[in-house]
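Following: one structure in structure tokens, then a few remarks.
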2 protein chains.
Amino acid sequence: MSATEPRRIVIFDTTLRDGEQSPGCSMNLDEKLEVAQALVDLGVDVIEAGFPIASPGDFESVREIARTVRGSTICGLARCNEKDVDRAWEALQDAPDARIHVFLATSAIHREFKLRMDMDEIIRRAVESVKRAKGYCDNIEFSPEDAARTEPDFLCRVVEAAIAAGATTVNIPDTVGYATPTHFGGVIKNLVNRVPNIDQAVISVHCHNDLGLAVANSLSAVEQGAGQIECTINGIGERAGNCSLEEVVMAMRTRNDYYHATTRINTPRLVPTSRLLTNITGMQVQRNKAIVGRNAFAHEAGIHQDGMLKEPTTYEIMRPEDVGFTKTDLVLGKHSGRAALADRAKALGYHLTAEQLQEVFDEFKRLADKKKEVYDADIAALIEKRMNVAEDVWTLSGYDVHATGGGTPTVSVTLDRGGEKISRTNTGGDGPLDALFRTIEEITDTSVVVRDFRVHSVTRGKDAQGESTIEIEHQGRVYRGRGVSTDTVEAATLAFLNAVNRVAAGAGQPLEARPHDAV
Amino acid sequence: MSATEPRRIVIFDTTLRDGEQSPGCSMNLDEKLEVAQALVDLGVDVIEAGFPIASPGDFESVREIARTVRGSTICGLARCNEKDVDRAWEALQDAPDARIHVFLATSAIHREFKLRMDMDEIIRRAVESVKRAKGYCDNIEFSPEDAARTEPDFLCRVVEAAIAAGATTVNIPDTVGYATPTHFGGVIKNLVNRVPNIDQAVISVHCHNDLGLAVANSLSAVEQGAGQIECTINGIGERAGNCSLEEVVMAMRTRNDYYHATTRINTPRLVPTSRLLTNITGMQVQRNKAIVGRNAFAHEAGIHQDGMLKEPTTYEIMRPEDVGFTKTDLVLGKHSGRAALADRAKALGYHLTAEQLQEVFDEFKRLADKKKEVYDADIAALIEKRMNVAEDVWTLSGYDVHATGGGTPTVSVTLDRGGEKISRTNTGGDGPLDALFRTIEEITDTSVVVRDFRVHSVTRGKDAQGESTIEIEHQGRVYRGRGVSTDTVEAATLAFLNAVNRVAAGAGQPLEARPHDAV
């Protein structure tokens, strides 16, 4: 790097596309809108909102984000064919700043086994699709899928042709996460040196983390001239995920002396955005995750702590507050008002209407009566709870449990469906939760397999709220559910019922393949 | 790299030292012995077993590992002073193949704020300590702490002096996780080119993951001539953790064409070893963790799956079985015998005595009566359960719960202490679990704060076992607990009681600083 003025790197977030299509990360429309708004607040330049042709749900969410979210470019994905491109534009057209992203595989193995096309046909298809997209909008991105394994000469040809056809960004994906930093930097350098019209487009990179190298590969590309990084919150995405937004942004910021690159990211929003996504999907980040993990700034070892007291920079290269960790997150109590709650909800990344705020405030008052101290995580849990029960067919009116260690539990459950109360009492099952779940299955006439079940405390103390997430399988589709309560058993019951409600609403993710992409 | 014959890279695992000292990862003696044995099975060359002078518990565990674990070099850590070195050797002396690892900070910021020593004094102290250690054993490692931020000229001087004094390995730590791949490779290249006696020692690297670059930095060092990598299972360790063993090993194996480097690691042991550590510490890896995460080999997107069917290498750069994922983990049922159970326990990385096997087999038979299908994760949970209750003062004789949604629960608990049964009945609390926990506190006269509480299903199905982990605080110390049962409420109760038992046994980790290291 010879520049002294830092270059501005475009941050392209694909949490809602590559992230959302990975197992355990599917989101409904409301959830996607929350995430999109949080990405705007974070300062993301481009939001890849989905793959419109993949399903009606994908189309709907891209269209709603394009219609309502302001402050970032909204992007939609399309394969190189007319239907995909047309459908993408149909979803994107209401965005004031839209981008169509077309892709086509270029590596020998993909040409032979997946596409059965020769090099000339690939170039013809790529050019046709970029041109068609360009007919709709100026901002066009083209990706040669599996670029990292594509022959260098052919990659240069494809990229040159795509730019000549109108692509304003050319994205180089390491689709299978095979690249190493030096090799991947070399791929970018080769394009910079050999593609004659390369100055007419931004070079982008899209790295997968199969070997743990997505962040390093992206940074190596930036060193060689890449101007856009595709990444996701918490590094979610297919298999081992994508380049982690928080890591790549903080690496450039912390080592600005080395990379001479800046972004528009508002870094104190990193931790709240990470937590928002975790709250929505239930996909926990590990405790030692860089930047946003619970231990990321925990200096436990004694010698470290001694050095820390004398001079923080002996062991600290970033300050916790730079990425949004607050010294204490104790915020509200029973005397706190609506304005204070609205403030905290906003700080946590939520955008509530007046009506939603009122609902959450009522719940907050009930909670504050039970708990002395209401933490940020408690508030986030309350808001998520509201988001999840909005359209539920069945609600929990009451339950009664009698269980004895080693014995057979007896439970009663009363559910409400549109004002009608239905009760059932059962004896049997492995403990009270199993008995409660079986009883709900009977009342709702829904037979399911529990794939994953979790409960965890959201804050400290025996009076902490318990948050439960569940994943169930029903007729070949997977449904998530979540429940929150200071009563852990109730939280689990609510989570199960929430998932069953999603079965009723048809809001599941297929176990089988759906027509989806592969950048 | 010009060599055509792959170089053998030494894998130095510090899960039991740098990993164990991070929050949430403390282990007791039995647990450390299990992990050490699993590391031998994995093919790790050097096991850093602990920091003997840090605490009597650390000393004891290094000594037991040195006495009983065979097949890897056993290493102990020491600061550069006589007491530390003597104590390290005292712990290590029974190992047939021992290494003493001495360290001293060398960067300007550490010299000034932590050590208050000048350069000459640092060199004098390093040389004295290496020589003292050399008097005990031949195999000596020296680490200049914060080497990545140390002036290049001074680093060369220190390394040369340590080798001249007898160090056989010189380890270059990026203590604060500040390095970038190109920069860190340059640090290694500088040593290779400028230290006259560098050929008399192995160059090692020890990278932290604060910016998500630990694996890439380690690989960059290997490219420049490093011959040892320090790493941990699941990348656990201080703050954002250390270089992840599974990632760095699989990167070298998958890209052997590029790195020309091999290790002695038995890669199909990677997933079982990762799971063993997760089971022992309760520190979950995230679902999209590279190599060992649940999604690491999950190809969900449709186009991917289509390509996969035609030719796996279109999207798969490693085979799941290469890292130890099995196609199905359904293994045992009620008719399975002791030999089948012993086989699976061994495959999962456990080393059971005949007596332990019998205990686990009895539990297995009880479980198989309740569950049709017993999975690997069920077996691991049973074994962990046995390991945790071994020395418990209090055991759960029975409980009775009566709870109503929104109402006040009534619970009875009976605990056994050395044959004496103590019962208590209570009304109150936020739901049944809270009430059960409060009642146990009363009976055992132990007042605690719950820091973290989790329950999750270990396998699929409503009859799956629930595994609960809990972290409680009592008088400035933190205690972990774990419980397993097909009844989720019982699992949680057992976890709480297990943690209370650790309070009784004094088996906690201090909240405050302990005299610990900082490589």
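The values are calculated or read from the model by the stated rules, or taken from the named source; none is laboratory data. All values reported here derive from a predicted model rather than from experimental measurement. Don't worry about glycine lacking a Cβ; one is built from the backbone with ideal geometry, like all the others, and counts go over all protein chains shown. Surface areas here come from the heavy atoms of the whole protein model, side chains and all, with no ligands, DNA or RNA. Shrake-Rupley method; radii C 1.70, N 1.55, O 1.52, S 1.80 Å.
Couple of notes before you dig in:
- Selection count where residues are over 25 Å from B:Arg269 (Cβ atoms), free of Cβ contacts under 8 Å to residues at least 60 places away in the same chain and facing another protein chain (nearest Cβ under 10 Å), scope the stretch B:218-241: 1
- B:Gly185 meets each of the listed conditions (1) open to solvent by 10 Å² or more (accessible area, probe 1.4 Å); (2) part of a helix (DSSP H, G or I) apart from (1).
- Qualifying positions in the stretch B:167-182 - more than 24 Å from the chain's Cα centre (by Cα) and open to solvent by 10 Å² or more (accessible area, probe 1.4 Å): B:Thr168, B:Pro181, B:Thr182
- Count of the stretch A:138-151 residues, restricted to those that are closer than 10 Å to A:Gly166 by Cα and surrounded by fewer than 24 Cβ atoms within 10 Å (Cβ to Cβ), is 2.
- Among the candidates B:Ala377, B:Ala301, residue that is of a type in the set (A, V, I, L, M, F, W, C), open to solvent by 10 Å² or more (accessible area, probe 1.4 Å), under 30 Å from A:Glu20 (Cβ atoms) and modelled with pLDDT under 85: B:Ala377
- Applying the set (1) over 23 Å from B:Arg255 (Cβ atoms); (2) of a type outside the set (Phe, Trp, Tyr); (3) open to solvent by less than 10 Å² (accessible area, probe 1.4 Å); (4) part of a helix (DSSP H, G or I) to A:Asp199 leaves exactly one unmet item: (3).
- The lone exception for A:Arg132 - which of (1) surrounded by 18 or more Cβ atoms within 10 Å (Cβ to Cβ); (2) more than 11 Å from chain B (Cβ to nearest Cβ); (3) more than 24 Å from A:Glu82 (Cβ to Cβ); (4) among the charged types (D, E, K, R) it fails: (3)
- When B:Met117 is tested against the conditions (1) within 17 Å of B:Pro144 (Cβ to Cβ); (2) open to solvent by less than 10 Å² (accessible area, probe 1.4 Å), the lone failure is (2).
- Qualifying positions in the stretch A:469-499 - within 13 Å of chain B (Cβ to nearest Cβ), open to solvent by less than 10 Å² (accessible area, probe 1.4 Å) and either out of contact with any helix residue (DSSP H, G or I) (no Cβ under 6 Å at 6 or more places or on another chain) or not hydroxyl-bearing (Ser, Thr, Tyr) (or both): A:Ile470, A:Ile472, A:Gly483, A:Val484, A:Val489, A:Ala491, A:Ala492, A:Ala495, A:Phe496, A:Leu497, A:Ala499
- Look at the stretch A:101-114: where a residue is at the interface with chain B (Cβ under 8 Å from one of its Cβ atoms) and a partner is of a type outside the set (S, T, N, Q) and open to solvent by less than 10 Å² (accessible area, probe 1.4 Å), sitting 6+ places away or on another chain with Cβ atoms under 8 Å, you get A:Ile109/A:Asp146; A:His110/A:Glu145; A:His110/A:Asp146; A:His110/B:Gly307; A:Phe113/B:Gly307; A:Lys114/A:Ala105; A:Lys114/B:Gly307.
- A:Pro144 being within 14 Å of another protein chain (Cβ to nearest Cβ), outside any helix (DSSP H, G or I) and touching a Ser or Thr at 6+ places or on another chain (Cβ under 9 Å): no
- Of all residues in the stretch B:343-365, those satisfying the criterion of being within 19 Å of B:Pro272 (Cα to Cα) and modelled with pLDDT of 90 or more are B:Leu357, B:Val360.
- Residue within the stretch B:205-212 that is free of Cβ contacts under 8 Å to residues at least 60 places away in the same chain, assigned to a loop (DSSP other than H, G, I, E, B), open to solvent by 10 Å² or more (accessible area, probe 1.4 Å) and more than 23 Å from B:Lys289 (Cβ to Cβ) present: no
- Evaluated against (1) under 25 Å from A:Phe297 (Cα atoms); (2) without any contact (Cβ under 8 Å) to a residue 60 or more places away in the chain, B:Gln200 falls short on exactly one condition, (1).
- Within the stretch B:255-271, considering residues that are open to solvent by less than 30 Å² (accessible area, probe 1.4 Å) and part of a helix (DSSP H, G or I), the one farthest from B:Thr326 (Cα to Cα): B:Tyr259
- Residue in the stretch A:341-352 that is in a loop (DSSP other than H, G, I, E, B) and open to solvent by 70 Å² or more (accessible area, probe 1.4 Å) present: yes
- For the stretch B:416-433, residues that are closer than 25 Å to A:Ala435 by Cα and either open to solvent by less than 40 Å² (accessible area, probe 1.4 Å) or of a type in the set (Asp, Glu) (or both) total 7.
- Residues that are under 17 Å from A:Val503 (Cα atoms) and of a type in the set (Val, Ile, Thr) were ranked within the stretch A:445-461; the one that is nearest to the chain's Cα centre (by Cα) is A:Val450.
- Checked against the criterion of being free of Cβ contacts under 8 Å to residues at least 40 places away in the same chain and either closer than 29 Å to B:Gly508 by Cα or outside any loop (DSSP other than H, G, I, E, B) (or both), the candidates B:Gly24, B:Gly57 yield just one match: B:Gly57.
- For the stretch A:204-217, the set of residues classified as touching a Gly at 6+ places or on another chain (Cβ under 6 Å) and either among the basic types (Lys, Arg) or away from chain B (no Cβ under 14 Å) (or both) is empty.
- Subset tally (residues that are surrounded by fewer than 22 Cβ atoms within 10 Å (Cβ to Cβ), in contact with a helix residue (DSSP H, G or I) (Cβ under 7 Å, 6 or more places away or on another chain) and part of a helix (DSSP H, G or I)) for the stretch A:91-111: 2
- For A:Met250, the test of being modelled with pLDDT of 90 or more, facing chain B (nearest Cβ under 8 Å), over 27 Å from A:Thr175 (Cα atoms) and in contact with a Ser or Thr (Cβ under 8 Å, 6 or more places away or on another chain) is failed.
- Residue that is nearest to B:Thr469 (Cα to Cα) [pool: residues in the stretch B:33-48 that are part of a helix (DSSP H, G or I) and either aliphatic (A, V, I, L, M) or open to solvent by less than 10 Å² (accessible area, probe 1.4 Å) (or both)]: B:Val35
- Where B:Val411 falls short, out of the listed (1) of a type outside the set (Phe, Trp, Tyr); (2) open to solvent by 30 Å² or more (accessible area, probe 1.4 Å); (3) without any contact (Cβ under 8 Å) to a residue 60 or more places away in the chain: (2)
- Filtering the stretch A:444-455 for residues that are modelled with pLDDT of 90 or more, open to solvent by 10 Å² or more (accessible area, probe 1.4 Å), of a type in the set (D, E, K, R) and out of contact with any His (no Cβ under 7 Å at 6 or more places or on another chain) leaves a non-empty set.
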